[in-house]
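K.L.:
Structure incoming, see below.
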Amino acid sequence: MRKLTTDVVVIGGGSTGIGVLRDCAMRGYRTILVDRADLAQGTSGRFHGLLHSGGRYVVSDPESARECAQENAILTRIQPDAVECTGGLFVVTEQDDPEFGDKFLAGAGATQVPVEEISVSRALAREPRLNPSITRAFLVQDGTVDGWQLAWTATQSAVQYGGQALTYHKVNQVHHANGAVTGVSCTDLKTGEEVQIECSFVLNCAGPWAGQITHMAGLPPVAVVPGRGIMIAMSHRIVNTVINRCIYPADGDILVPVHTVCIIGTTDVKVADPDHLEIPREEVQQMLDSGEELIPGFRQARALHAWAGARPLIQDDRVAASDTRHMSRGMAVIDHLERDNLKGLITIGGGKLTTYRLMAEHIVNAMEEQLETSHPCRTAEEICPGNEPGHNYMITHRLKDREADRMTSPIICECELMNREMFTTLLKEHPHASFDDLRRQLRVGMGPCQGGFCSSRVAGIAHEEGVIDAARATGLLKLFLEHRWIGVWPILHGDQVRQVALDDWMLHGTLDISHVPSPAQVETDPVDGSHTGDDPPAAIRKPVSTMTASHAATGQQRRSALRPEETR
């Protein structure tokens, strides 16, 4: 058993937990973060990529709108490499309430969210593919943000101040004695080693899983209501500006340009288990329909990948327990000394990725109130390491680098312009990482082929570099492809079918990957639980050719997410 001693343990490696790790470390507390998976692998890595201007909430949730507007400016300044300043448009379509635009302007004025009404012709000049029948348009300061990049640079900042982040460490119990927290016990999922961390304070930032953590402390679960939302990435940037419908927040009313794709989102449905999130056919249909209302011809674009995430909403007594769409997006800090008479445990829930830094500030302030200490919060002042001040992300960020090193390091993933040196450098830094862990930092396999071409190259290079043996390389390759398949199966039609068939011919017809020796058990992704509700992910166990035959009887059901004319 490994034993560690610290002042504070942060449970949860999403954006909020990482923000808390950074804030605590900058205030001088010895702090260790633990998460059962990789950083930002849960909710923070499963969203639509929107950096909110606050516009979405000026009518429905004014306090959240104010917070988003303030934090948008701060994150754009302290983590510029993670933020693309796309700007945003709120548009009124023919199906929308024409009077909502006036409420939107009034709400923006009341919450100090910058908004400018522009002419429809100016909006169409900025985004030519917008529905020409829109009647009003409003310009806002929306942006897009890479949640993983945001998390890593904040973690690097925390590490510089002495913080530690222990990924793949699953919490088993929160210990306390005489009414006060004494420590946390974990299991290192990579090695199987038990880890005991002695501490005097635990900050529960586990998001949708926060209730499970309070249960591990022997307390009643906090009222976290997981709200499932699905999103679909289209294969190119249909627009270069965030497009919002100017309505009360609803399903499928945001289109976000992120990196080389556009993401349409999202639904909002209460679920019982944040580890098992369906991607229902009817919701896929709903997202495609919603995209068509904003961008005529949206369905002609190729749907690339679908996924689901769970919002960590706090039960709002003003709405029904099942109505996650209308629950407040504001944060909630729960002091368990007040609620459960246990000193040294505080839970935070709600909020947005845009407000992660502010959420961290609030919960650390609450901790200091309980400890009767006081240190200033400086997280809004310091730029995180690895960021160039005043230089925000641009879609061409890797092109200049590849032009410079194209003769010395071959490109491995053409879609994301990732070269061999980028991959081997990160692999040597993290030899126990899965290919999905590396994907989250390098974006390998996230382009139009979804790993069909680059995944086998990655596996071969990992073995060639001597970091892993051939059997493990093959096992990780199969796991990587299976995870990619989870997001492809719900949108399998049209050009996507052709791409999957090509991938199948390469992986099974040429490489015969199903019969290549691999370990009996390869590490799994503890939070990659999305599924369609119809068929288990089976990219490796059932190649496309065999699926076509074995599922012939249910083929019409699988195509039911499409319009009738698209099932021919």
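K.L.:
Any idea which of (1) of a type outside the set (Phe, Trp, Tyr); (2) under 30 Å from residue 292 (Cβ atoms); (3) surrounded by fewer than 24 Cβ atoms within 10 Å (Cβ to Cβ); (4) within 17 Å of the chain's Cα centre (by Cα) is the one residue 253 doesn't satisfy?
P.N.:
(4)
K.L.:
If residue 210 satisfies all but one of (1) touching a Ser or Thr at 6+ places or on another chain (Cβ under 6 Å); (2) within 29 Å of residue 32 (Cβ to Cβ); (3) part of a strand (DSSP E or B); (4) of a type in the set (A, V, I, L, M, F, W, C), what's the number of the condition it fails?
P.N.:
Failing condition for residue 210: (3).
K.L.:
Same structure again: If you go through segment 24-40, how many residues are within 21 Å of the chain's Cα centre (by Cα) and either open to solvent by less than 10 Å² (accessible area, probe 1.4 Å) or modelled with pLDDT under 95 (or both)?
P.N.:
Quick first cut of segment 24-40, residues within 21 Å of the chain's Cα centre (by Cα) only: 33-40.
Pick out the ones that are also either open to solvent by less than 10 Å² (accessible area, probe 1.4 Å) or modelled with pLDDT under 95 (or both) and you get 33-34, 37, 40.
Counting residues in segment 24-40 that are within 21 Å of the chain's Cα centre (by Cα) and either open to solvent by less than 10 Å² (accessible area, probe 1.4 Å) or modelled with pLDDT under 95 (or both) gives 4.
K.L.:
Can you tell me which residues in segment 474-494 are more than 26 Å from the chain's Cα centre (by Cα) and part of a helix (DSSP H, G or I)? Spell out how you get there, then give the answer.
P.N.:
First, pick out the residues of segment 474-494 that are more than 26 Å from the chain's Cα centre (by Cα): 474, 494.
Of everything in segment 474-494, just one residue is more than 26 Å from the chain's Cα centre (by Cα) and part of a helix (DSSP H, G or I), namely 474.
To keep it simple, each residue is scored yes or no on (1) within 23 Å of residue 147 (Cα to Cα); (2) at pLDDT 95 or above.
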{"site": "77", "(1), (2)": "yes, yes"}
{"site": "80", "(1), (2)": "yes, yes"}
{"site": "88", "(1), (2)": "yes, yes"}
{"site": "94", "(1), (2)": "no, no"}
{"site": "104", "(1), (2)": "no, yes"}
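K.L.:
Determine, yes or no, whether residue 180 is among the small types (Gly, Ala, Ser), open to solvent by 10 Å² or more (accessible area, probe 1.4 Å) and either at pLDDT below 95 or out of contact with any Phe, Trp or Tyr (no Cβ under 7 Å at 6 or more places or on another chain) (or both).
P.N.:
Working: among the small types (Gly, Ala, Ser): yes; open to solvent by 10 Å² or more (accessible area, probe 1.4 Å): yes; either at pLDDT below 95 or out of contact with any Phe, Trp or Tyr (no Cβ under 7 Å at 6 or more places or on another chain) (or both): yes.
Criteria met by residue 180.
K.L.:
Let me ask another. Which of the following residues is under 22 Å from residue 314 (Cα atoms), open to solvent by 10 Å² or more (accessible area, probe 1.4 Å) and either touching a strand residue (DSSP E or B) at 6+ places or on another chain (Cβ under 9 Å) or modelled with pLDDT of 95 or more (or both): 47, 100? Break it down into steps so the answer makes sense when it comes.
P.N.:
Numbers: 100 fails: under 22 Å from residue 314 (Cα atoms).
Among 47, 100, only 47 is under 22 Å from residue 314 (Cα atoms), open to solvent by 10 Å² or more (accessible area, probe 1.4 Å) and either touching a strand residue (DSSP E or B) at 6+ places or on another chain (Cβ under 9 Å) or modelled with pLDDT of 95 or more (or both).
K.L.:
Ok, one more. Cβ-Cβ below 8 Å, separation at least six or inter-chain, first residue in segment 100-119 and in contact (Cβ under 8 Å) with a residue 12 or more places away in the chain, second among the charged types (D, E, K, R) and in a helix (DSSP H, G or I): which pairs?
P.N.:
Once the first residue is in contact (Cβ under 8 Å) with a residue 12 or more places away in the chain and sits in segment 100-119, its partners that are among the charged types (D, E, K, R) and in a helix (DSSP H, G or I) give 111/66; 112/66; 113/66.
K.L.:
Given the condition out of contact with any helix residue (DSSP H, G or I) (no Cβ under 8 Å at 6 or more places or on another chain), crowded, with 18+ Cβ neighbours inside 10 Å and either polar (S, T, N, Q) or at positive phi (or both), answer yes or no: does some residue in segment 142-159 qualify?
P.N.:
Yes: one or more hits.
K.L.:
Of these, 206, 110, which one is open to solvent by 60 Å² or more (accessible area, probe 1.4 Å), aliphatic (A, V, I, L, M) and within 28 Å of residue 361 (Cα to Cα)? Show your work before the answer.
P.N.:
On the way: 206 fails: open to solvent by 60 Å² or more (accessible area, probe 1.4 Å).
Exactly one residue qualifies, and that residue is 110.
K.L.:
Can you name the number of the only condition in (1) more than 25 Å from residue 394 (Cβ to Cβ); (2) at pLDDT 95 or above; (3) assigned to a helix (DSSP H, G or I); (4) open to solvent by 20 Å² or more (accessible area, probe 1.4 Å) that residue 133 fails?
P.N.:
Among (1) more than 25 Å from residue 394 (Cβ to Cβ); (2) at pLDDT 95 or above; (3) assigned to a helix (DSSP H, G or I); (4) open to solvent by 20 Å² or more (accessible area, probe 1.4 Å), residue 133 violates only (3).
K.L.:
Name the residues in segment 339-383 that are part of a loop (DSSP other than H, G, I, E, B) and at pLDDT below 95, would you? Reasoning before the result, please.
P.N.:
Quick first cut of segment 339-383, residues part of a loop (DSSP other than H, G, I, E, B) only: 341-342, 344, 351-352, 372-383.
Within segment 339-383, 351, 352 qualify.
K.L.:
Which ones in segment 67-97 are open to solvent by less than 60 Å² (accessible area, probe 1.4 Å), part of a loop (DSSP other than H, G, I, E, B) and polar (S, T, N, Q)?
P.N.:
Hits for segment 67-97 are 79, 86, 93.
K.L.:
Spot the failing condition for residue 64; the list is (1) in a helix (DSSP H, G or I); (2) modelled with pLDDT under 95; (3) in contact with a helix residue (DSSP H, G or I) (Cβ under 7 Å, 6 or more places away or on another chain); (4) open to solvent by 10 Å² or more (accessible area, probe 1.4 Å), and only one is missed.
P.N.:
Failing condition for residue 64: (4).
K.L.:
Among the residues of segment 258-294, how many are outside any loop (DSSP other than H, G, I, E, B), farther than 14 Å from residue 46 by Cβ and not basic (Lys, Arg)? I'd like the intermediate steps shown before the answer.
P.N.:
So the first thing to find is which residues in segment 258-294 are outside any loop (DSSP other than H, G, I, E, B), and the list is 258, 261-265, 269-270, 278, 281-294.
Restricting the remaining residues to those that are farther than 14 Å from residue 46 by Cβ gives 261-262, 264, 269-270, 281-294.
Add one more test, that the residue is not basic (Lys, Arg), and what stays is 261-262, 264, 269, 282-294.
Residues flagged as outside any loop (DSSP other than H, G, I, E, B), farther than 14 Å from residue 46 by Cβ and not basic (Lys, Arg) within segment 258-294 amount to 17.
K.L.:
In this structure, is residue 44 assigned to a helix (DSSP H, G or I) and either touching a Pro at 6+ places or on another chain (Cβ under 7 Å) or free of Cβ contacts under 8 Å to residues at least 40 places away in the same chain (or both)?
P.N.:
Values: assigned to a helix (DSSP H, G or I): yes; either touching a Pro at 6+ places or on another chain (Cβ under 7 Å) or free of Cβ contacts under 8 Å to residues at least 40 places away in the same chain (or both): no.
Taking the combined requirement at face value, the residue does not satisfy it.
K.L.:
Moving on to the next point. Assess whether residue 386 counts as being under 30 Å from residue 62 (Cα atoms), open to solvent by 10 Å² or more (accessible area, probe 1.4 Å) and at pLDDT below 95.
P.N.:
Details: under 30 Å from residue 62 (Cα atoms): no; open to solvent by 10 Å² or more (accessible area, probe 1.4 Å): yes; at pLDDT below 95: yes.
When the stated conditions are applied, residue 386 does not pass them.
The values are calculated or read from the model by the stated rules, or taken from the named source; none is laboratory data. This one's a predicted model, so the numbers in the text were calculated from it and none came from an experiment. Ideal geometry is used to build each Cβ from the backbone, glycine not excepted, and the neighbour counts take in all protein chains shown. Areas reflect the complete protein model, heavy atoms only, side chains present, ligands, DNA and RNA absent. Shrake-Rupley method; radii C 1.70, N 1.55, O 1.52, S 1.80 Å.
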